[in-house]
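Here, each number is a calculation from the coordinates, and none is a lab measurement. These numbers come from a predicted model, not from an experiment. Cβ placement follows ideal geometry from the backbone for every residue including glycine, while neighbour counts extend to all protein chains displayed.
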Amino acid sequence: MKIALAQLNYTIGHFEQNVEKIVSSINRAKQQGARLVIFSELSICGYPPHDLLTHKHFVDKSIQAIKDVAKSCVDIYAIVGGPSYNEAPTGKLLHNSAYLLGEGKVLDVFHKTLLPDYDIFDEYRYFEPNTEKYRLAEIDGVKLAITICEDIWDDQPTSSAFDRGQLYRDAPMNHLSKLNPDLIVNISASPFSYNVEERRFEVFKNNVARYSKPVIYVNQVGGNTDLLFDGGSMVLNEQGKILHKLKSFYEDFTIIDSTFAKGKTVESINPLNDDRRLERIHDALVMGISDFFRKLGFSKATLGLSGGIDSAVVLALAAKALPAENLRVLLMPSQYSSQHSVDDAVQLAKKLNVKYDIVPIQNIFDTFRNQLRDVFEGKPEDITEENIQARIRGTLLMALSNKFGHLLLNTSNKSEAAVGYGTLYGDMCGALSVLGDVYKTDVYRLANFINRDDEIIPINTITKPPSAELRPDQKDSDSLPPYDILDPILFAYIEQGLSAEEIIRKGYESNTVKRIIRLVNLNEYKRYQSPPILRVSSKAFGYGRKMPLVTKWS
């Protein structure tokens, strides 16, 4: 039996487009002689729909869309993800389900058992876990164990220092394997992080080893606001070797034969190194920017181009995600801006063929100071005046955004966001934070990656000491430890969940660690008001990291 894997980029709630994509893939599979085509988790409505699932008309529209797709399933079968109603008198109203379609109708519905509620996941909010008797699907004599994403992640590894290491008491495949399936089908909406590919492969290999069954894994691809999905759908044989692997970050389609278990290994996953990590982050961010604009119906972007490393990297990424003619940037030098920063910014804009305007802010800043002179009488200049400059720039950028319809890209990085090194309603403005999950040391590495074949970002931008240039001779190191010290401490605290004492035992200076952790905790209120952040790590600020704003915990 020929089986098609359809890795598609869905738009949440765009049922007409999603149905069109799915039906097109079904027809393509049928033309190529496939008997079954497999789509990803909640493919009919897009993942994650969040509280749209609390609206009856959204769920009804999802189910009707499934029925519309089923009409195309004549002489072919399909597995499509979507919500379904829980028929039991108690429990959550919905299931997260896999619909088996064929003969022009819905033939069966299989429900997800393991519902994740950690990090960015909140499925128990909406769905009831499967409590039905486990059963297989059978097509042309081939028996399928249909699982949904987390259902085969029951023994997943964890990167947290405070975790049991095994989240679930039972595994659906323990029951399904007793029914002797020919293969495991897993439809998924597995979000991207730079190390997730290796983790997935280990999960799939473990399942193959435990149950001696090949695995077909179909993931969705594309950006849905902050969550990025890399695709990477794959087929593993009974030896846990990859036979087929679909592209990462792109829609893809392939057809396999159900006798693939004896096939030749054609793909493998190479060990993660820094080059591969940076390439994944780069490609994910480009996809995230592109899909954010396309799915919202916008095409034009702006940002403040300072001559610094962060704005340079964001512009280079945006120029790949959007046509250069759809970008327009502002250079907003103050009396504290160095000429080489302005020159670097101009050089980059010209290199990328991006339209730029230079709007000096000194006169505007002087007006603010004059208006506030009596109010501030007797007070020395301090961070207040620095923040005023940042807010002037934010206002100018939002003015350009409003006047010309350009969405503003935020350029703050994760290191700055972590310790509050940013100004609310100033440099923290924006519709989308591109680098908010990228530490400063990785921003430099990304710049070098972008320059790997040609000098896109001026070398001077990469080599000069980082500075906000809001006061004379200012450098980031005036306020923060060097980034090669700061970032590992932040990673240990945020991603790994280590305490101050545990981080200090790694060899970091005690007062520095305690000060950094205090800054992270103190500035939660700023991050609460930040734009959505493109998630590329295992622990991004935002939806996947929920902390109280008001707390005495240190």
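What is segment 277-476's relative contact order, in percent, from Cα pairs under 8 angstrom and six or more apart in sequence? Can you show the working numbers first?
Working: 302 pairs, mean separation 51.8, N = 200.
About 26 percent, as a whole number.
Is segment 1-128 rounded, prolate or oblate when judged by the Cα gyration tensor, a ≥ b ≥ c being the square roots of its eigenvalues, rounded requiring a/c under 1.5 and prolate requiring a/b larger than b/c? Working shown, then result.
Numbers: a/c = 1.86, a/b = 1.73, b/c = 1.07.
Since a/c reaches 1.5 and a/b is larger than b/c, the shape of segment 1-128 is classed as prolate.
Given that just one value was derived from the coordinates, which of (1) 33.9; (2) 26.4; (3) 27.9 is mean projected area of the Cα convex hull in nm²?
Answer label, from the structure shown: (3).
Under 8 Å for C-alpha pairs, at least 6 residues apart: give me the relative contact order for segment 2-272, rounded to a whole percent.
On the way: 612 pairs, mean separation 49.6, N = 271.
About 18 percent, as a whole number.
Can you run phi through the Karplus equation (6.51, -1.76, 1.60; θ = phi - 60°) for segment 223-234 and list ³J(HN,Hα) in whole Hz, with x for Gly and Pro?
3J(HN,Hα) across segment 223-234, in whole Hz: x, 10, 6, 7, 7, 10, 10, 9, x, x, 4, 7.
Report the net charge of residues surrounding His406, where surrounding means a beta-carbon distance below 14 angstrom and charges are Lys +1, Arg +1, Asp -1, Glu -1. Walk me through the numbers before you get to the answer.
Working: positive: Lys300, Arg328, Lys355, Lys403; negative: Glu325, Asp357.
Here the charged neighbours net out to +2.
Quickly work out the Asn180-to-Glu325 label distance, labels modelled 7 Å from Cα along the C-beta direction, and quote it in nm with one decimal.
Placing both labels 7 Å along Cα→Cβ, they lie 6.4 nm apart.
Scan around Lys241 for amide H atoms under 5 Å from its own, H built in the peptide plane at 1.01 Å from N, and keep only partners 5 or more places away or cross-chain.
Placed amide hydrogens put nothing under 5 Å from Lys241.
For Leu498, list long-range residues whose amide hydrogen, built 1.01 Å from N in the peptide plane, is under 5 Å from its own amide hydrogen.
Distant-sequence amide H within range of Leu498: Tyr493.
Which ³J(HN,Hα) values in Hz, rounded to whole numbers, follow from the phi angles of segment 7-21 under the Karplus curve 6.51 cos²θ - 1.76 cosθ + 1.60, where θ = phi - 60° and Gly and Pro get x?
9, 10, 9, 9, 10, 4, x, 8, 5, 4, 5, 4, 4, 4, 4
If you average the sequence gap of Cα pairs under 8 Å that are 6 or more apart and divide by the length of the chain, what percent do you get for the contact order? Mind dumping the intermediate values first?
On the way: 1095 pairs, mean separation 65.1, N = 554.
Worked out over the chain, it gives 12 percent.
Enter the angle in degrees (range 0 to 90, nearest 10) between the Cα long axis of helix 440-450 and the first principal axis of the Cα atoms of the chain, meaning the one along which they spread out most.
Between helix and principal axis, roughly 70 degrees.
Would you list Arg545, Arg373, Arg280 from fewest to most Cβ contacts within 10 Å? Walk me through the intermediate numbers first.
Values: Arg545 14, Arg373 9, Arg280 21.
Fewest to most other Cβ atoms nearby, the residues stand as Arg373, Arg545, Arg280.
Could you sort 213-223, 489-499 so that the peptide with the highest average Cβ count within 10 Å comes first and the rest follow in order?
Values: 213-223: 25.5, 489-499: 19.1.
Answer by packing, highest mean first, reads 213-223, 489-499.
Using the Cβ atoms and a cut-off under 11 Å, what net charge is assigned to the surroundings of Ser338, where Lys and Arg are +1 and Asp and Glu are -1? Write out the running numbers ahead of the final one.
Values: positive: Lys464; negative: Asp343, Asp344, Glu469, Asp473.
Once positives and negatives cancel, what remains is -3.
Rank these for me by crowding, Tyr134, Tyr528, Tyr421, going from fewest to most other beta carbons within 10 Å.
Details: Tyr134 16, Tyr528 11, Tyr421 20.
So the ranking, lowest neighbour count to highest, is Tyr528, Tyr134, Tyr421.
Fewest Cβ neighbours within 10 Å first, please rank Leu549, Leu101 accordingly.
So the residues, fewest neighbours to most, are Leu549, Leu101.
Suppose every K and R has +1 on its Cβ and every D and E has -1 on its Cβ; what is the size of the dipole of segment 2-272 about the Cα centre, in Debye to the nearest 20?
720
Using +1 at the C-beta of Lys and Arg and -1 at the C-beta of Asp and Glu, which of Asn523, Leu486, Ala500 has the Cα lying farthest in the positive direction of the dipole of segment 482-530?
Of the listed residues, the answer is Asn523.
Excluding Gln31 itself, what net charge comes from residues whose Cβ is under 13 Å from its Cβ, given Lys and Arg +1 and Asp and Glu -1?
So the environment of Gln31 carries a net charge of +3.
Rank by packing, highest mean first: peptides 286-292, 409-415, 201-207, with packing defined as the count of other Cβ atoms within 10 Å averaged across residues.
409-415, 286-292, 201-207
Quick one: grab the alpha carbon gyration tensor of segment 308-362, order the square roots of its eigenvalues as a ≥ b ≥ c, and give me rounded if a/c is under 1.5, else prolate or oblate depending on whether a/b is larger than b/c. Display every interim value, and only then the final one.
Working: a/c = 2.30, a/b = 1.83, b/c = 1.25.
Because a/c hits 1.5 or more and a/b exceeds b/c, segment 308-362 counts as prolate.
In debye to the nearest 20, how big a dipole does the chain give about its Cα centre with +1 on each Lys and Arg Cβ and -1 on each Asp and Glu Cβ? Write out the running numbers ahead of the final one.
Values: 65 positive and 70 negative charges, 150 e Å.
Approximately 720 debye in magnitude.
Placing +1 on the Cβ of each Lys and Arg and -1 on the Cβ of each Asp and Glu in segment 2-272, which of Phe110, Val37, Val203 has its Cα farthest towards the positive end of the resulting dipole?
Of the listed residues, the answer is Val37.
Could you state the angle between the C-alpha long axis of helix 56-70 and the longest principal axis of the C-alpha atoms of the chain, as a value from 0 to 90 degrees rounded to the nearest 10?
50
Any chance you could give the angle, 0 to 90 degrees and rounded to 10, that helix 362-372 forms with the longest Cα principal axis of the chain?
Helix 362-372 and the main axis of the chain meet at about 80 degrees.
Tell me, what is the FRET efficiency for Asp453 and Met547 to the nearest 0.05, using R0 = 56 angstrom and their Cβ-Cβ distance as r? Kindly include the intermediate steps, with their values, before the conclusion.
On the way: r = 41 Å, r/R0 = 0.73.
FRET efficiency, Asp453 to Met547: 0.85.
Give me, ordered by chain and number, the residues 5 or more places off Asn410 or on other chains with an amide H under 5 Å from its own placed amide H.
When sequence neighbours closer than 5 places are left aside, the close amide H contacts are Ala431, Leu432, Ser433, Val434.
Could you give me the ³J(HN,Hα) list for segment 541-554, computed from phi with Karplus coefficients 6.51, -1.76, 1.60 and θ = phi - 60°, whole Hz, x at Gly and Pro?
Each residue of segment 541-554 in turn: 5, x, 4, x, 9, 9, 10, x, 6, 10, 7, 9, 5, 10 Hz.
On the first, second and third principal axes, largest extent first, how far apart are the outermost C-alpha atoms of segment 99-230 in Å?
45, 33, 26
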